[in-house]
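Take a look at the structure set out below.
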C-alpha cells in the first residue's frame, strides 16, 4: 500500500513474521511437529499484526494497548523459540538467530511502551 505508515518496528516485525511462517512450514513438513509450531506461528505473527494495527490507532491509549499486546506476543514467541531449541527441533544456530531477532523486537517494543507510558510533565 502506498500510504502505509512505515517504521523500523513495522518493517522488523514483518520480516520476523516471515521467518516465523517459514519456520512453521519447515517444522510441519520436515520435523512433523505441529503443536509447538502452531503456537509459535500464532504469537510470532501476532507481533507484527498488532504493530500494524497500532500504527492506525484511534488514540494514544489505543496505540499503547496494541504495543503492549505486541510486547506480550513477542515474549511468548521468545518462550516457544527457546522450547523448540531445548527439545532439539531447531539447531543452535537457528536458535541464536531467531532469539536475537526476537530480542531486538522486544527491546523496540519495551522502548515504545515506556515512551507512551511516561506521564506528561506537570504544570506548576
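Taken together, the values in this text are just the output of simple stated rules run on the coordinates, not laboratory data. On a predicted model such as this, the values are computed, not experimentally measured, just so you know. Virtual Cβ from ideal backbone geometry, glycine too; neighbours counted across all protein chains shown.
Approximating the spin labels as points 7 Å out from Cα along Cα→Cβ, the residue 83-to-residue 26 distance works out to 1.9 nm.
Relative to the longest principal axis of the Cα atoms of the chain, the long axis of helix 92-117 makes an angle of roughly 10 degrees.
Treating the angle as unsigned and between 0 and 90°, give the value, to the nearest 10°, between the Cα long axis of helix 35-54 and the longest Cα principal axis of the chain. Between helix and principal axis, roughly 20 degrees.
Separation of region 23-43 and region 45-114, taken as the distance between their Cα centroids, equals 17 angstrom.
So, R0 is 35 Å and r is the distance between the beta-carbons of residue 95 and residue 56; what FRET efficiency does that work out to, to 0.05? Calculated value: 0.55. Using C-alpha pairs under 8 Å with a sequence gap of at least 6, the mean separation divided by the residue count of the chain gives a relative contact order of 25 percent. Over all projection directions, the Cα-based convex hull of the chain averages an area of 9.1 nm². Axis angle, to the nearest 10 degrees, between helix 60-86 and the longest C-alpha principal axis of the chain: 20 degrees.
Relative to the present Cα-Cα distance, how much length would full extension add between residue 107 and residue 42 at 0.36 nm per residue of separation?
Working: separation 65, 0.36 × 65 = 23.40 nm, distance 2.03 nm.
Gain in length upon complete extension: 21.4 nm.
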